[in-house]
Amino acid sequence: MSQPPQTSLPPQPTFVLSTDVVLRLREETGEPCQPDEIAGIRATDECIDPELVVPFIDEDEIREVDDPETGETLTYRYVHGGFEDSPARFALHFPTEYQGRFFQSTYPTVGSEAVGSDQLATGLRNGAAVVASNNAGGVAASPALGGVRANAGAANVARALIPHLYGDDAPVRGYIYGVSGGAYQAIGALESTTGVWDGAVPIVPGTSNAIPSFMTVQLLGLRGLAGALPDIADAVDAGGSGDPFAGLDPDEQAILEEVTSLGFPLGGWWQHETLQGGAFGIVQLAVRGIDPGYADDFWSVPGYEGADPGSPIHDDRIDHETTVATVDGPTITLADPPGGDVFGADVIVVSGAAEGEDSSITAADGDRVTVEGRLGALAPGDRVRIDNSWFLAMHYYHRHQVPDADQTGWDVLRNPDGTPIHPQRRSLVGPVIADVFGSLQTGEYDGRMIVLSSMNDVEAFPWSADWYAQRVADATGERFEDSFRLWYLENADHIPRADPTRVIDYSGAVEQALLDLDAWAAADVAPPASTVYEIGDRSGIVVPAEAADRLGIQPVVQATGGPACGDTDGDRVDLGAHEETAVSVEAAVAPGGGSIIDVEWDLDGSGQFAGTGDDIDIGPTVTTCATHRYDEPGTHFVTVRVTAHRDGDPDAVGGRITNLARVRVVVTPP
């Protein structure tokens, strides 16, 4: 793809940007911003936010950063400031070679304008200014400004300064992007502003009702399927039985049906030992504030699981008073710990100087528990009560938060006539939280948008992106294809996890989406088509097997095993010790997806990938094969990782888009 023309920044400041400069540039626009239903006011590139009226600059200097990917030292101009009588602060990073664009990352609970070296280097090496705000201290501290308005204020200061730095003719195109909660902000940024950003890249978004329900779905699966999760994960892994319901008792089958139909991907259970409900520990505090009577109702009102005396949940309930033996920061030793699983339980201080304070348990090991933060003046000898009533009740909260019928994942909790099966709470918590993040996802926005969604996302279930795409289609009509893309990423999770044999790093796709968005805005160069998909019977995303049919930007990879190259079929191989196995790979990119530039193998399950020594022919399709001999009996997995790049550059640092395929190899003893 041809790059926009560059504009050079002087190597040293020839002047110091002052508050007067910013004020003069902003006063040229001057009119107050108008009210907005979602964000409170509708920010534009021309109006003044009534709470962000007077910007100031307190730092302006040349800095350097080492690109973590290349080791190259990048020089940039750093400008820091904020707004008088406001907690909103911004940090602006201007590249030496500017290509007409700025990138702005966001996450709602981040209260700092500091930018990591990876994010900064990605922007600078692409000729983009990097804009950051502190979300006015984060949405919890500043719900009015933290969702959208602080970000818009920072972006507008950047817009005002760029022509001043690079010349009056310097173009200014801006793009906001964010992961998870940041996806809500990115969507809200476009939906509730005009002219501030030219586009957005929401990454792994949830629906307006996802928080906390998707978290509680995960918790219910973890508790209700605890003993069966290893077998469920194995069944859906490469070469598995394909039937995750086999061997489950009726209660387990019902829970697996519920959590899967609500959207938890079956392919995500491989990591069951490390899952804890995502950000549930933080979000549940908001639920208690919004719906304080829920736990009492759960354990007493008919229709709730806890009110059923025959429910097995009563076996897990803990309400136990004990004495504190020692206190070491957030870690407490209990003189008489309760039996059972205390993770998530409340610790309520009932005597001593900290009486009345409470926290929740984030880790437990025997008689030692770690709580969320410190419990003030808690001391040895104080009495505490360990109570998991709220935590257990929250496992079922999604049953009592059934939204409108367009959020079809909840159909499993609806009667045939569409009414909820279970009693409902007075209000939905999800939209309240989404509103604080700055987005109710109406689907109506100015600019263009590329959404990235992970097909194995265990926190923002993949059907969420389809739900939003439908809202955009309804709102935009004929403008849909010219304003929206949805790219599903196979073998991707909410965030890249620790096991690279199961989960890809989608950062290359994010970078490419930003560049494609800029080409779309700057030169009307349409990005690759949206991924072709269907919603399966249990809310899963089903994509075509062939790249030409699937579209999107990710390479499609198929791996088969067998006794020799040229004689492979299926994703399972059974052989004896010391026998050689072969794994063949066919990979392809969709039209507009560039070329495959690398094929790497992990033959021993170590997570370390390497080539086989055979060069590949860079192009839209690749067919190759590797062989390996296993001496140890047991089950082994071969994983192949395929990388594509838009320009077919094998040495490219950014924009590398990957996918995986696995083959199970079962070695029997001699």
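The values are calculated or read from the model by the stated rules, or taken from the named source; none is laboratory data. Bear in mind that the values here come from a model prediction, so they are computed numbers and not experimental data. Cβ coordinates were reconstructed from backbone atoms using ideal geometry, including for glycine residues, and neighbour counts include every protein chain displayed. These accessible areas exclude ligands, DNA and RNA; they are computed on the full protein's heavy atoms, side chains included. Shrake-Rupley method; radii C 1.70, N 1.55, O 1.52, S 1.80 Å.
A few points about this structure:
- Projecting the Cα atoms of PHE391, ALA140, TRP269 onto the charge dipole of the chain (Cβ charges, centred on the Cα centre) puts ALA140 farthest toward the positive pole.
- Length-normalised contact order of the range 413-566 in % [C-alpha pairs under 8 Å, at least 6 apart]: 18 percent
- The value of relative contact order for the range 188-313, using C-alpha pairs under 8 Å at least six residues apart, is 23 percent.
- The label point for ASP231 and the one for ALA279, both projected 7 Å from the Cα toward the Cβ, are 3.6 nm apart.
- Rounded FRET efficiency, nearest 0.05, which uses the C-beta distance separating GLU46 from ALA523 and R0 of 25 Å: 0.55
- As a fraction of the 1.4 Å probe accessible area of the range 406-500, surface on carbon and sulfur atoms comes out at 51 percent.
- Solution diffusion estimate, µm²/s, Stokes-Einstein, the range 557-635, Kirkwood Rh from C-alpha pairs, 10 °C, viscosity 1.306 mPa s: 116 µm²/s
- Once the gyration tensor of the Cα atoms in the range 396-459 is diagonalised, the equivalent ellipsoid follows with semi-axes of 25, 15, 13 Å, ordered largest first.
- Compared with the alpha-carbon gap, the fully stretched path from HIS422 to ASP651 is longer by 76.9 nm at 0.36 nm per residue.
- Packing order of peptides 136-148, 506-518, 623-635, highest average first: 506-518, 136-148, 623-635 (average count of other Cβ atoms within 10 Å over each peptide's residues).
- Seen from PRO500, the other residues with C-beta closer than 9 Å to its C-beta sum to a net charge of 0, counting Lys and Arg as +1 and Asp and Glu as -1.
- Computed over Cα pairs, the Kirkwood radius of the range 42-200 leads via Stokes-Einstein (0.890 mPa s, 25 °C) to a diffusion coefficient of 160 µm² per second.
- Computed over the range 101-156, the quotient of the alpha carbon radius of gyration and 2.2 N^0.38 Å is 1.12.
- For the range 325-414, the spread of Cα coordinates along the three principal axes comes to 53, 24, 18 Å, biggest extent given first.
- Out of every Cα-Cα pair that the range 121-200 contains, those further apart than 15 angstrom amount to 59 percent.
- Once Rg and the Kirkwood radius are both taken over the C-alpha atoms of the range 257-297, their ratio Rg/Rh works out to 1.10.
- Label positions at GLU97 and ASP569, each projected 7 Å from the Cα along the C-beta direction, are separated by 5.3 nm.
- Across the range 184-318, Cα-Cα distances exceeding 21 Å account for 56% of all pairs.
- Size of the range 239-352: Rg and Dmax of its alpha carbons, in Å, are 18.1, 58.
- Value in Å of the Kirkwood radius, where the range 63-138 supplies the Cα pairs that are averaged: 12.7 Å
- Note on ASP365 and ASP505: with the Förster distance fixed at 30 Å, the Cβ-Cβ geometry gives a FRET efficiency of about 0.40.
- Scattering profile of the range 233-284 at q = 0.13, 0.14, 0.20, 0.25 Å⁻¹ [log10 I(q)/I(0), Debye over alpha-carbon scatterers]: -0.38, -0.43, -0.82, -1.10
- Using a probe of 1.4 Å, the accessible surface attributed to THR419 totals some 60 Å² when neighbouring protein chains are kept in position.
- Given a 1.4 Å probe and the protein chains as shown, ILE48 ends up with an accessible area of around 20 Å².
- Charge sum, other residues only, whose C-beta stays under 10 Å from GLY552's C-beta, Lys/Arg counted +1 and Asp/Glu -1: +1
- Histogram of C-alpha separations across the chain, 20 Å bin width, %: 17, 46, 33, 4, 0
- When the P(r) is computed for the range 619-670, the part past 15 Å accounts for 60% of the Cα-Cα pairs.
- ASP249, ASP457, ranked by accessible area, largest first (probe 1.4 Å): ASP249, ASP457
- Stretch gain in nm, segment GLN558-ASP358, where the contour uses 0.36 nm per residue and the Cα spacing is subtracted: 66.8 nm
- Accessible carbon and sulfur surface of the range 80-213 relative to its total accessible area, %, 1.4 Å: 48 percent
- In nm, spacing of pseudo-spin labels at PHE56 and SER117 (7 Å Cα→C-beta vector): 3.2 nm
- Net lengthening on full extension, ASP296/VAL350 (0.36 nm per residue, minus Cα-Cα): 17.5 nm
- Ellipsoid fit via the Cα gyration tensor, the range 514-670: semi-axes of 33, 18, 12 Å, each the root of five times an eigenvalue, largest first.
- Considering only the chain, percent of DSSP beta bridges that pair antiparallel, nearest 5: 75 percent
- FRET efficiency for ALA475 and ALA610, using Cβ-Cβ distance with R0 set to 51 Å, rounded to 0.05: 0.60
- Each of ILE162, VAL349, GLY594 was placed along the dipole of the chain (beta-carbon charges, centred on the mean Cα), and the one lying farthest toward the positive end is ILE162.
- Under 19 Å from the ASP537 label point (7 Å along Cα→beta-carbon), backbone N, the range 409-426: 409-414, 416
- Computed with a 1.4 Å probe over protein heavy atoms only, the accessible surface of the range 192-249 comes to 25 Å² per residue.
- Residue list for the range 401-443, given a label point 7 angstrom along the Cα-to-Cβ vector of GLU257 and an amide N cut-off under 18 Å: 409-422
- Dipole-positive endmost among VAL327, GLY278, PRO302 within the range 276-328 (Cβ charges, Cα centre): GLY278
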